[in-house]
Protein chains: 2
Amino acid sequence: MFPTPRLDFFFELASPYAALCALRIEDVAGRAGVRVRWRPFLLGPIFKAQGLAETPMRVYPLRGAYMMHDVPRRARRYGFTLSVPPDFPRNPLLAARVAVVALSQGWGEDFSRALYRAEFQEGRDIGQAGEVARVVAAMKRPAEAVLAAAQAPEVKAALRAETEAASAAGIFGAPSFLVEGELFWGDDRLEDALDWARGRRDRRAEASP
Amino acid sequence: MFPTPRLDFFFELASPYAALCALRIEDVAGRAGVRVRWRPFLLGPIFKAQGLAETPMRVYPLRGAYMMHDVPRRARRYGFTLSVPPDFPRNPLLAARVAVVALSQGWGEDFSRALYRAEFQEGRDIGQAGEVARVVAAMKRPAEAVLAAAQAPEVKAALRAETEAASAAGIFGAPSFLVEGELFWGDDRLEDALDWARGRRDRRAEASP
């Protein structure tokens, strides 16, 4: 028996490219036989450490204009719809903390997908606590308790630790994938990362007696 | 009869991602039945217009470090080798002017591929006239005459016009693809751009009696 190959999926809840990936990753990874570990992090501190005052999509308007057009086009290619609200980006802090709580309870993947849908399909401002609460409540979870839990010091610390892990791995954008230290950046590299994860498994299998 | 679908390939001779694309595009486009028009341009003026003093790969070292690792990895996936010299980027100005001359004479695609190989396989500094001359001479073309022709005012103007066309199309990086005004950025979007070009043809075919 060989361990199932695993891929770490670093996602940022304000990122439309991470949304594009979140809505398809389980499907694609499932077919590839690769297990996905969802790891929420914040890009803000990583941008700031590079001297970027905010997302490059705002600092470089051509890049941002391309994204506004590219994200819906790419989503159509995958068979769903997404659009980037004109006042992008939303503040992802509370939502990311809720994702930490939800992942620890086994419903974080569903929560993250539902949050992305609210943000990039329904155009809701998930920077508002009320909107995050709506998403939680729609999943039949106790919104008030969950949002309170999200403010616990250990949850805040856990999210900071994930952002530090992302930074230590050389991550500078979202989504990013880590496979045993090998870094891939961008939704359009998911397939490369999965192939890498499967190649690793195959090499292990070959090397064993 | 319907016209062969066409894709405009905007390439920058200092860009390793454009090199990655140049070395495979005719193959992939040929299989897709799409004709490629090679259009050299310069990223320098486009970066400057966005307030970038130089390539984002240097302004943002994490991005640059990723590229140094990603380009060879991606090239291996395509079945060839490429690496980015540590003193990236080279000055592409003379080489781009030679590409304009060569494209007008029907050997510009071959020249551009040969130049990319010299730059990213052999590690040569194609910012030096002597290295550009070597590439031209290796193609059995009169290097001295070609380099002189590359300095003609109309060649300089033609390259400036291509850079202005790129800028007008919203291009901010290389490679970029234009299909009837539809912009795609990045080597990893070549397949999307080709599909788009073919879809256009199919729609035209469906619309006709």
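The values are calculated or read from the model by the stated rules, or taken from the named source; none is laboratory data. Just so you know, these numbers come straight off a predicted model, no measurement behind them. Please note: Cβ atoms are built from the backbone with ideal geometry, for glycine as well, and neighbour counts cover all protein chains shown.
Within the range B:125-160, the set of residues being crowded, with 17+ Cβ neighbours inside 10 Å and free of Cβ contacts under 8 Å to residues at least 12 places away in the same chain comprises just one member, B:ALA143. A single member of B:PHE47, B:PHE88 is at pLDDT below 95, under 17 Å from the mean Cα position of the chain (by Cα) and under 27 Å from B:ALA168 (Cβ atoms), and it is B:PHE47. The set of residues in the range A:141-179 being assigned to a loop (DSSP other than H, G, I, E, B) and either more than 14 Å from every other protein chain (Cβ to nearest Cβ) or of a type in the set (A, V, I, L, M, F, W, C) (or both) consists of A:ARG141, A:PRO142, A:ALA150, A:GLN151, A:ALA152, A:ALA169, A:ILE171, A:PHE172, A:ALA174.
For the range B:1-11, residues that are of a type in the set (A, V, I, L, M) and buried (at least 23 other Cβ atoms within 10 Å of the Cβ) total 1.
Is there a residue in the range B:7-15 that is in contact with a strand residue (DSSP E or B) (Cβ under 8 Å, 6 or more places away or on another chain) and within 14 Å of chain A (Cβ to nearest Cβ)? The answer is yes, given that some residue of the range B:7-15 is in contact with a strand residue (DSSP E or B) (Cβ under 8 Å, 6 or more places away or on another chain) and within 14 Å of chain A (Cβ to nearest Cβ).
Taken together, the residues in the range A:103-112 that are buried (at least 17 other Cβ atoms within 10 Å of the Cβ) and within 14 Å of the chain's Cα centre (by Cα) amount to 5. Within the range A:91-100, being farther than 22 Å from A:ARG24 by Cα and either of a type in the set (Ser, Thr, Tyr) or buried (at least 21 other Cβ atoms within 10 Å of the Cβ) (or both) holds for one residue alone: A:ARG97.
Return the total of residues in the range A:32-49 being within 24 Å of A:MET67 (Cα to Cα) and surrounded by 18 or more Cβ atoms within 10 Å (Cβ to Cβ). So the count comes out to 9. Considering every residue within the range A:13-20, establish whether at least one is at pLDDT below 95 and of a type in the set (Ser, Thr, Tyr). Among the residues of the range A:13-20, not one is at pLDDT below 95 and of a type in the set (Ser, Thr, Tyr), which makes the answer no. Candidates in the range B:91-124 are the residues that are polar (S, T, N, Q), touching a residue at least 12 places away in the same chain (Cβ under 8 Å) and in a loop (DSSP other than H, G, I, E, B); of these, the one that is nearest to the other protein chains (Cβ to nearest Cβ) is B:GLN121.
If the condition is being in contact with a Pro (Cβ under 8 Å, 6 or more places away or on another chain) and surrounded by fewer than 21 Cβ atoms within 10 Å (Cβ to Cβ), then the range B:12-31 contributes no residue at all. Suppose we keep only residues that are within 21 Å of B:LEU43 (Cα to Cα) and away from every other protein chain (no Cβ under 11 Å) within the range A:50-90. Which one would you say is surrounded by the fewest Cβ atoms within 10 Å (Cβ to Cβ)? Among those residues, the one meeting the criterion is A:ARG58.
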